[in-house]
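Let me begin by presenting the structure, written as structure tokens, before commenting on it.
The values are calculated or read from the model by the stated rules, or taken from the named source; none is laboratory data. What you see is a predicted model; the values in this text were computed from it and never measured. Here Cβ is always computed from backbone atoms with ideal geometry, including for glycine, and neighbour counts include all displayed protein chains.
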Amino acid sequence: MTLNPRQRRLLEAVRRRVTMSVEELAQELDVTPQTVRRDVKQMEEAKLLARYHGGVGLPSSVENIDYSQRQVMNIDAKRRIAGEVAKQVPSGCSLLINIGTTTEEVARALSHHHGLHVVTNNLNVAAILADNTGCEVIIAGGVVRGRDRGIVGEATIDFIRQFRVDIGIIGISSIEADGTLRDFDAREVKVAQTIIEQSREVWLVADHDKFGRQALVRMAHLSQVDMLFTDAKPPEALMKVLKEAQVKVVVAPAA
């Protein structure tokens, strides 16, 4: 589902407040309750929101949003983030890139870099970078998830442990206010943890929707990250954690 500006504002409001009534949303957005109900119905069908007794809230965090929906969500922000990452990736370096729609945009932004050596457990990333004749692509073995072409499992972890790279570029589903990084799939989390271990520097790519979002499985903490690339200034509490952890924050400028 591609969200219009009003629907994006609605989703942002619910994420800030966790739950809101239809009347509160109508007042905040300056629209009728009927408009809110219509938007909520569409967003509920897309699994972006859920209706509870007395209000509207976020859906259960046991499962992630469908890959096809994540591909189009905040796509402009993801592309701007990817552009900032590409500016700072030197030619001739080695990379580990994990699963995620934002990391796939990073791969597209690296299409003209030369001399890169990329290890990935993401078949989409591999396919994108395979078109760059100046890039060597190494694909991890393991179990392929049909829904997003990510590769996971113990074989994937063992394969990645063979490498020590300059930069690990990882996406994430959730960044909590205390700096905890979370995702939805325990197998994917284990692979990402291995990427962190095998990288001299760790760069996290995450659009603003990830701030305060809920997810099931703990992956790491921001203190294990060297740089955060995002599209909006993080909330104050999170900025304090980032500063204490000495994480460099790069905010992609608005289009």
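Sort out which residues of the stretch 233-255 are over 23 Å from Ile97 (Cβ atoms) and of a type outside the set (Asp, Glu), and write them in order of number.
Listed by number, the residues that qualify are Lys233, Pro235, Ala237, Leu238, Met239, Lys240, Val241, Lys243, Gln246, Pro253, Ala254, Ala255.
Return the only residue of Val144, Val165 being in contact with a Leu (Cβ under 7 Å, 6 or more places away or on another chain), farther than 30 Å from Lys243 by Cα, surrounded by fewer than 21 Cβ atoms within 10 Å (Cβ to Cβ) and not aromatic (Phe, Trp, Tyr).
Val144 is the lone residue from the list that is in contact with a Leu (Cβ under 7 Å, 6 or more places away or on another chain), farther than 30 Å from Lys243 by Cα, surrounded by fewer than 21 Cβ atoms within 10 Å (Cβ to Cβ) and not aromatic (Phe, Trp, Tyr).
Cβ-Cβ distance below 7 Å, separation of 6 or more or different chains: which pairs start in the stretch 157-179 with a residue that is in the same structural domain as Val217 (by TED's automatic domain parsing) and free of Cβ contacts under 8 Å to residues at least 60 places away in the same chain and end on one that is surrounded by 20 or more Cβ atoms within 10 Å (Cβ to Cβ) and of a type in the set (Val, Ile, Thr)?
Ile157/Val191; Ile157/Thr194; Arg161/Thr194
Could you tell me whether any residue of the stretch 110-132 is within 26 Å of Glu176 (Cα to Cα), buried (at least 20 other Cβ atoms within 10 Å of the Cβ) and either at pLDDT below 90 or among the aromatic types (Phe, Trp, Tyr) (or both)?
No, every residue in the stretch 110-132 fails to be within 26 Å of Glu176 (Cα to Cα), buried (at least 20 other Cβ atoms within 10 Å of the Cβ) and either at pLDDT below 90 or among the aromatic types (Phe, Trp, Tyr) (or both).
Given (1) assigned to a strand (DSSP E or B); (2) in contact with a Lys or Arg (Cβ under 9 Å, 6 or more places away or on another chain), where does Arg187 come up short, assuming only one miss?
That leaves (1) as the condition not met.
Aromatic (Phe, Trp, Tyr) and touching a residue at least 60 places away in the same chain (Cβ under 8 Å): is that true of Phe184 in this structure? Lay out the reasoning, then the answer.
Working: aromatic (Phe, Trp, Tyr): yes; touching a residue at least 60 places away in the same chain (Cβ under 8 Å): yes.
It is true that Phe184 is aromatic (Phe, Trp, Tyr) and touching a residue at least 60 places away in the same chain (Cβ under 8 Å).
Which one of Ala177, Ala155 is small (Gly, Ala, Ser), farther than 20 Å from His117 by Cβ and not in a loop (DSSP other than H, G, I, E, B)?
Checking each option against the conditions leaves just Ala155.
Which is at pLDDT 95 or above, within 28 Å of Ala13 (Cα to Cα) and not polar (S, T, N, Q), of Val217, Val225, Val205?
Val205
Of the conditions (1) surrounded by fewer than 22 Cβ atoms within 10 Å (Cβ to Cβ); (2) touching a residue at least 40 places away in the same chain (Cβ under 8 Å); (3) charged (D, E, K, R); (4) not in a loop (DSSP other than H, G, I, E, B), Lys243 satisfies every one except a single condition; which number is it?
(2)
Could you tell me which of the residues Val225, Val191 is of a type in the set (Val, Ile, Thr), under 16 Å from the mean Cα position of the chain (by Cα) and under 23 Å from Glu84 (Cβ atoms)?
Values: Val191 fails: under 23 Å from Glu84 (Cβ atoms).
Just one listed residue meets the conditions, Val225.
Counting only residues that are basic (Lys, Arg) and within 12 Å of Glu176 (Cα to Cα), which one in the stretch 197-240 is surrounded by the most Cβ atoms within 10 Å (Cβ to Cβ)?
Lys210
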